Amino acid sequence: MAHPAAPSQFEDHLVWAFLHTFLEFGLIHSAVDGPEGQWFVQIGASGRIHHLTDTEDARGFVLDILETVHDVRGGGL
């Protein structure tokens, strides 16, 4: 489960791109595109699996990660 499977629905492509980038930079451990716009994401190898029930939920998850990165970097670029 190292890389997310490419999503089958167009609206999920941006979410997939962010999750794939987060994987590449080690911000999350794994991500899988599930049925009907669902996502399963694990932040750490021994952490719980987050079940994102739809595209809107997944967008919120992505924004939370981006906000955390922004805060850790002190609000800079």
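None of the figures in this text is laboratory data; all of them are computed from the coordinates on show. Here the structure is a predicted model, which means the values were calculated and not measured. For neighbour counting, all protein chains shown are included, and Cβ atoms are generated from backbone atoms with ideal geometry for every residue, glycine included.
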Original post:
Check His29: other-chain or 5+ apart residues with amide H under 5 Å from its amide H, H built from backbone geometry?
Top reply: Gln42, Ile43, Gly44
Original post:
Taking 0.36 nm per residue of separation and subtracting the Cα-Cα distance, what length does fully extending Ile43 through Leu63 add?
Top reply: 5.8 nm
Subject >> Qualifying trypsin sites (Lys or Arg not before Pro) in the stretch 31-77, DSSP loop, other Cβ atoms within 10 Å at most 14 >> reply: Arg48, Arg73
